[in-house]
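Heads up: the structure comes next, in structure tokens.
The values are calculated or read from the model by the stated rules, or taken from the named source; none is laboratory data. Note that the structure is a prediction, hence the values are computed from the model and not measured. Note that each Cβ is placed from the backbone with ideal geometry, even for glycine, and that neighbours are counted across all protein chains shown.
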Amino acid sequence: MTSIKTNNFKKVSVPFFITNIKAGFPSPADDYIDRSIDLNDYLIQNPSSTFIIKVSGDSMIDSNINTGDLLIVDKSLNPKENDIIVACVNGQFTVKHYHLVDGTYYLVPSNKKYKAIQITQGMEFECWGIVTSIIHINRK
Amino acid sequence: MKKIFALVDCNCFYVSCERAFKPELKKIPVVVLSNNDGCAISLSKEAKKLGIKIGTPYYQIKKFEKSHGVRFFSSNYELYGDMSKRIMESLKEFSPHMEIYSIDEAFLDISNQYIKSYKEYGQTISKKIYQATGVPVSVGIATTKTLAKVANHIAKKDSSCLGTMDLIDWEEGFIDYFLSEYDVSEVWGIGRKNAGKLKELKVNTAYDLKMMDERAAKKLLSIVGQRTVLELRGISCLDLQEVRKDKKGISSTRSFGQYVKSINELEQAIATYVDRAAIKLREQNSIASLIHVFIRTNVNNKSHKQYANYKVLKIPHPTSYTPDLTKIAIKGLKEIYKDGYLYKKAGITLIGITSQDQTQYDIFSEVTKDTLNKEDRLTKAFDLINQRYGLKTVIMASQGISKPWKMQRDFLSPAYTTRIDQVLNIKI
């Protein structure tokens with residue numbers, strides 16, 4: 001007796017067929033699905049836990065985060081080594097790289113002008129969310 | 001299989017929404033004020049400790065700002081509404097069967113799930129919601145909705161519960177103990193009046209109510225009371241209401257930020273309220289056949305001449321078309337308006353609501369001028385523009401461009417999650 005393994009359920013997009021079928025020559029493009037790119041779908045995996053934040057300051061310029069940039073932040077994700085995170089340190093927000101060095105966690109800037117912050121026991125530290133994308137507007 | 005319900009509700013919801021974006025407020029006393037910054041409607045634990053109660057007028061607690069560093073905020077419904085949506089969306093992952101009970105509470109039916117420890121399950125829920133949204137919640141898990149409310153209440157009041165309480169993984173004796181510590185007036189569905197009646201019969205606690213003869217309960221409190229008794233016994237009588245019932249009456253009322261004297265200003269206000277209510281009416285595909293309009297002076301200011309009046313008008317052809325509804329509402333307003341008074345509040349309610357006839361369109365056909373009349377097309381365009389570009393992009397001219405009577409909200413925080421020009425700004 002053979003056993004059948006069930007697949008993991010994947011999301012399947014059902015093509016939505018919209019075209020006026022008029023008498024005459026059909027367009028070769030009719031066979032293709034009418035769709036367009038949705039940036040929301042592409043950039044945001046978990047809409048209910050994703051927030052947008054604007055930043056100012058130069059501590060992360062070497063990571064391409066500049067004053068006026070918007071960050072897409074997902075609060076549902078857990079920080080991984082070298083993630084850029086939004087953190088609350090002693091009641092204040094900051095955006096830095098999350099690094100583990102010799103068993104200790106650090107918040108590391110991307111600008112030689114600034115020093116890394118060691119996360120210690122006495123400190124109030126909370127990872128607010130992970131920066132998944134950086135939006136830099138060139139021209140409005 | 002036995003039914004299991006989880007009641008998830010947010011801890012001081014409005015305050016928590018403010019704190020989610022202002023971490024410096026975490027241990028500070030915070031108060032959120034009602035419409036017009038009138039009175040306290042949400043208090044942080046620290047604010048409660050100062051003796052401030054829900055409903056206390058702002059002018060009575062203003063002094064706490066200097067003396068105890070209390071931070072006041074105006075109600076930011078745009079923010080709270082969006083945060084609520086996010087929380088409810090996050091809860092869906094725990095069960096597709098959910099009843100959104102209020103802006104910050106939801107019942108989940110978690111009956112057909114394999115759950116080893118209900119306490120741990122509840123903690124998983126609260127951890128997940130807090131991480132995803134920044135709002136702390138309490139979870140109560142039990143075999144009926146009424147008991148889940150009791151469990152949730154215990155979880156909130158007793159910090160040793162760490163935010164979750166279940167009334168399942170306990171021996172009956174322990175559950176009865178918890179019920180005996182629970183005042184009967186706090187039981188869901190038992191109001192103050194009924195609690196009074198019950199206490200006269202020496203039914204003082206939830207346990208007493210549980211042990212009450214159900215026929216006696218029915219006699220005293222009607223069938224609702226009998227159901228409550230059965231629910232306290234673990235017999236589920238109340239199902240999840242997963243689909244929001246269409247509203248039978250849609251109100252839009254507000255108190256004015258400044259007193260309003262002229263009929264012109266009142267007309268503007270009424271037109272705005274009609275617009276708001278009509279949008280909700282169209283959202284549920286309904287039409288209204290009656291409209292109730294009222295105006296009144298400030299009952300709390302005895303030095304002002306007092307006047308209050310209302311009128312209910314029939315809508316000759318039931319509709320959801322804003323201009324028609326507005327015309328009728330204004331007509332009613334003109335009939336009740338009296339000159340020489342300082343008006344403080346006005347509002348309208350759409351009643352006699354029925355479902356609009358559904359027109360089925362073939363998905364391959366085009367919607368032509370023939371299928372929709374002019375009013376419907378205008379309304380559709382109106383709604384579409386406002387949906388895409390934000391409410392109030394297109395408004396009826398009768399609503400007025402500058403609105404001196406608008407709500408006073410001096411302590412309004414930014415709409416962090418709904419407007420791109422008001423997102424959180426971080427200095428890095």
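State whether the residues of the range B:132-152 include one that is over 18 Å from B:R233 (Cβ atoms) and without any contact (Cβ under 8 Å) to a residue 40 or more places away in the chain. Give the steps one after another, and end with the answer.
Restricting attention to the range B:132-152, the residues satisfying the condition of being over 18 Å from B:R233 (Cβ atoms) are B:132-139, B:152.
Imposing the further condition that a residue be without any contact (Cβ under 8 Å) to a residue 40 or more places away in the chain reduces the set to none.
No; the residues of the range B:132-152 include none that is over 18 Å from B:R233 (Cβ atoms) and without any contact (Cβ under 8 Å) to a residue 40 or more places away in the chain.
Determine which single condition B:Y182 fails, assuming it passes every other condition in (1) closer than 29 Å to B:M88 by Cβ; (2) surrounded by fewer than 17 Cβ atoms within 10 Å (Cβ to Cβ); (3) of a type in the set (F, W, Y).
Answer for B:Y182: the failing condition is (2).
Would you mind finding the one in A:I134, A:I85 that is buried (at least 16 other Cβ atoms within 10 Å of the Cβ), hydrophobic (A, V, I, L, M, F, W, C), touching a residue at least 60 places away in the same chain (Cβ under 8 Å) and more than 10 Å from chain B (Cβ to nearest Cβ)?
On inspection, the qualifying residue turns out to be A:I134.
What are the pairs, 6+ residues apart or on separate chains, where a residue within the range B:17-44 that is away from chain A (no Cβ under 14 Å) has its Cβ under 9 Å from a residue that is among the small types (G, A, S) and in a helix (DSSP H, G or I)?
Pairs found: B:P29/B:A47; B:V31/B:A47; B:A40/B:A47; B:S42/B:S16; B:S44/B:S16.
Of everything in the range B:69-93 that's within 14 Å of another protein chain (Cβ to nearest Cβ) and among the acidic types (D, E), which residue is surrounded by the fewest Cβ atoms within 10 Å (Cβ to Cβ)?
Filtering the range B:69-93 down to residues within 14 Å of another protein chain (Cβ to nearest Cβ) leaves B:69, B:71, B:79, B:81-93.
Then keep just the ones that are among the acidic types (D, E); that gives B:82, B:89, B:93.
Values: B:D82: 16, B:E89: 15, B:E93: 11.
Across the range B:69-93, the extreme among qualifying residues is B:E93.
Which of (1) part of a helix (DSSP H, G or I); (2) in contact with a helix residue (DSSP H, G or I) (Cβ under 7 Å, 6 or more places away or on another chain); (3) of a type in the set (S, T, Y) is the odd one out, the single condition B:Y273 does not satisfy?
(2)
For A:L71, state whether it is within 14 Å of another protein chain (Cβ to nearest Cβ) and surrounded by 20 or more Cβ atoms within 10 Å (Cβ to Cβ).
yes
Look at B:I41 and say whether it is assigned to a loop (DSSP other than H, G, I, E, B), hydrophobic (A, V, I, L, M, F, W, C) and under 21 Å from the mean Cα position of the chain (by Cα).
So B:I41 fails the test.
Could you please let me know if B:E120 is within 28 Å of B:F174 (Cβ to Cβ), among the acidic types (D, E), assigned to a helix (DSSP H, G or I) and more than 14 Å from every other protein chain (Cβ to nearest Cβ)?
yes
Give me the pairs: first residue in the range A:68-79 and assigned to a loop (DSSP other than H, G, I, E, B), second residue at pLDDT 95 or above and basic (K, R), beta-carbon distance under 9 Å, and six or more apart or on different chains, which are they?
These pairs meet every condition: A:G68/A:K54; A:D69/A:K54; A:S76/B:K128.
Kindly check whether there is at least one residue in the range B:211-232 that is in a loop (DSSP other than H, G, I, E, B), under 30 Å from B:I353 (Cα atoms) and not hydrophobic (A, V, I, L, M, F, W, C).
Looking for residues that are in a loop (DSSP other than H, G, I, E, B), under 30 Å from B:I353 (Cα atoms) and not hydrophobic (A, V, I, L, M, F, W, C), one finds none in the range B:211-232, hence no.
Quick check on the range B:101-111. Is at least one of its residues farther than 24 Å from A:C88 by Cβ, touching a residue at least 60 places away in the same chain (Cβ under 8 Å) and within 14 Å of chain A (Cβ to nearest Cβ)?
Within the range B:101-111, one or more residues are farther than 24 Å from A:C88 by Cβ, touching a residue at least 60 places away in the same chain (Cβ under 8 Å) and within 14 Å of chain A (Cβ to nearest Cβ).
Can you tell me which residue in the range A:93-114 is surrounded by the most Cβ atoms within 10 Å (Cβ to Cβ), limited to those that are part of a loop (DSSP other than H, G, I, E, B) and within 14 Å of chain B (Cβ to nearest Cβ)? Before you say what the answer is, go through the steps one by one.
Filtering the range A:93-114 for residues part of a loop (DSSP other than H, G, I, E, B) gives A:102-103, A:109-114.
From what's left, within 14 Å of chain B (Cβ to nearest Cβ): A:109-111, A:113-114.
Working: A:P109: 22, A:S110: 18, A:N111: 14, A:K113: 8, A:Y114: 15.
Checked the range A:93-114; the qualifying residue surrounded by the most Cβ atoms within 10 Å (Cβ to Cβ) is A:P109.
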